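What follows draws every value from the coordinates through simple rules; no lab data is involved. Computed from a prediction, not measured in an experiment: that's the story for all the values here. Note: ideal-geometry Cβ built from the backbone for every residue, glycine included; neighbour counts use all protein chains shown.
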Amino acid sequence: MANVKFFFGDDVPLEMHKVRIVQKLSLPNVDERLTYMREAGNNTFLLNNRDVFMDMLTDSGVNAMSDQQLAAMMIADDSYAGSETFTRLHNKLREIFGMEYFLPAHQGRAAENILSQTFVTPGSVVPMNFHFTTTKSHIVLNGGRVEEIVIPEGLEIESDYPFKGNTDIPRLRALIEAEGADKIAYVRLEAGTNLIGGQPYSLENMRQVREVCDQFGVLLVLDASLLADNLYFIKEREAACKDMTIRELTLEMARLSHIIYFSARKLGCARGGGICTDDQALYMKMRELVPLYEGFLTYGGMSVREMEAMTVGLEETMDEDMISQGPIFIEYMVNELKRRGVPVVTPAGGLGCHINAMGFLPHVPQNQYPAGALATALYIASGVRGMERGTLSEQRDENGVEPLSEMELLRLAMPRRVFTLSQVKYAIDRIHWLHENRAIVGGLKFVEEPRILRFFFGRLDPVSDWQERLVAKFKADLGDTL
Ligand SMILES: Cc1ncc(COP(=O)(O)O)c(C=O)c1O
């Protein structure tokens, strides 16, 4: 971010953009919020956005777009094959990643489908710093297994370790030795590790991962969906990289990867995705799946307008002022909540502010989904919609056993350049109030549980009348205010 110091000592994030298009919001009252939560089966994914005040469910496809991105959409070339739009996007990816080949896909999980179908075989293993929900599902669906080898600090809720997304190098080496290199489908590194709080890895750690991959002759695949945050944190926190530009850092990360895939709902602030590689043989192995599942090779299921916006968004990602906006707002929120005694994941990462639901609701057992319960409580208390990232987001194993998640987090995503500081302050105020009243909040139980990715459309009930009691306390404390 531009180096701006407030003369009177305020320590607040400063926007390096101005708002030119706005969307009206509404804030239902607390009784309405209880009703809407019930109707949504106590699943924040099933709320209607018109009933949400601050949508902190995700940053996926909802980051603010720039005037330049919107302008670029007007020049999209609609042709089915060989469109100029594809050429512009391909050239931009060549420029920032230095990789020759690009396979378009309609979003990140579609790229994961192609990768898993191509490289994962029954009995194979994919070591990774940490899984993402859709990533794991695709690997498991193809008969593979995920092994998480994030460093121990990665699973500590409170820490001042700057790179909690780092891979544990001795464990990676030991795992490959134990399994045998031929059983490793590929090693996956996730930038801005989503499920452990948007935590970055260091460039040094990535170099070490690549060394191990070279030693055993296995592929290194980078999930670059949250690359923008990771680039910012490397620049801020890794002394050896202080003088590298964002562009140089990006090229170096790409040089260390055999394959890069990404969700452009995140990277590039548009909607789409794709796979890049500099290896023709790898490209040819994956290529035929694109027309089968996505669309022809020059659009891959994406709208050409989104592709134009992505091209500009990728270029804008090379601007430190732009990629700092998420992290500095998140840091403000995390520090302010911590100051008020609310348990949050530290240090602040990218993506959003992560509340430690097990610390917030120690009386709610994990099989009653503390992070899911907290998500419903926060919506009732504020109209803020967050996302459960804990046991509810896990999948039962083949014997129907529910694995308990290592962390129970309520993720409050910070879509980039979307919220104002006063809105963030409102969210902090209501979380603080909820924390003061945490003893009222109880757990949830499934009434409808889908087999795959159950958190998307599962329906739950509260285990008691705690939600009604929470509403009564809200009215007692705040009167008829919204
Ligand atoms: C790290 C990571 N990988 C993959 C995906 C899947 O991308 P998409 O939602 O575009 O399918 C996401 C989405 O949130 C993600 O955060």
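Annotations for the structure displayed:
- Working from Cα pairs under 8 Å separated by at least six residues, relative contact order for the chain is 22 percent.
- For segment 262-327, with +1 on Lys and Arg beta carbons and -1 on Asp and Glu, the positive-most of M310, P291, G272 along the dipole: P291
- Prolate/oblate/rounded call for segment 67-316, Cα gyration tensor, a/c under 1.5 rounded: oblate
- Qualifying trypsin sites (Lys or Arg not before Pro) in segment 183-248, where qualification requires a DSSP coil assignment and no more than 16 other C-beta atoms within 10 Å, comprise K242.
- Low-density loop positions, chymotrypsin sites (Phe, Trp or Tyr not before Pro), segment 1-58 - DSSP coil, at most 16 other Cβ in 10 Å: F6, F7, F8
- The residues neighbouring V12, those whose beta-carbon lies less than 15 Å from its own, together hold a net charge of -2 under the Lys/Arg +1, Asp/Glu -1 convention.
- Relative contact order [Cα under 8 Å, 6+ residues apart], segment 67-316, whole percent: 31
- Euclidean distance of C-alpha centroids, segment 264-316 and segment 64-92, integer Å: 12
- Only helices enter this figure: runs of n ≥ 4 DSSP H residues, each worth -39500 (n - 2.57), summed and divided by the residues of the chain, yield -12000 deg cm²/dmol at 222 nm to the nearest 500.
- Rg over Rh for the chain works out to 0.96, using Cα positions for both radii and the Kirkwood form for Rh.
- All other residues whose Cβ lies under 11 angstrom from that of S116 are scored, Lys and Arg at +1 and Asp and Glu at -1, for a net of +2.
- Rounded to the nearest 20 debye, the dipole magnitude of segment 67-316 is 420 debye, with +1 charges on Lys and Arg beta carbons, -1 on Asp and Glu beta carbons, and the Cα centre as origin.
- Considering only S225, T44, I452, and ranking their Cα positions along the charge dipole of the chain that arises from unit charges at the beta-carbon of Lys, Arg, Asp and Glu, the one farthest toward the positive end is T44.
- Couplings 3J(HN,Hα) of segment 71-76, computed from phi: 5, 5, 4, 6, 9, 4 Hz, in residue order, whole Hz [Karplus 6.51 cos²θ - 1.76 cosθ + 1.60, θ = phi - 60°; x for Gly and Pro].
- Dipole magnitude of the chain, debye to nearest 20 (Cβ charges: Lys/Arg +1, Asp/Glu -1, about Cα centre): 720
- Proximity of backbone amide H atoms, modeled 1.01 Å from N, is registered between V344 and N356 at under 5 Å, excluding neighbours fewer than 5 places apart on the same chain.
- Percentage, to the nearest whole number, of Cα pairs in segment 248-307 over 14 Å apart: 62
- In segment 431-482, the trypsin sites (Lys or Arg not before Pro) that fall in loop regions by DSSP, at most 11 other Cβ within 10 Å: R451
- Rounded Å value of the spacing that divides the Cα centres of segment 325-348 and segment 9-49: 19
- Inter-label distance, nm, simple model (7 Å from Cα along the C-beta direction), R340/L421: 1.7
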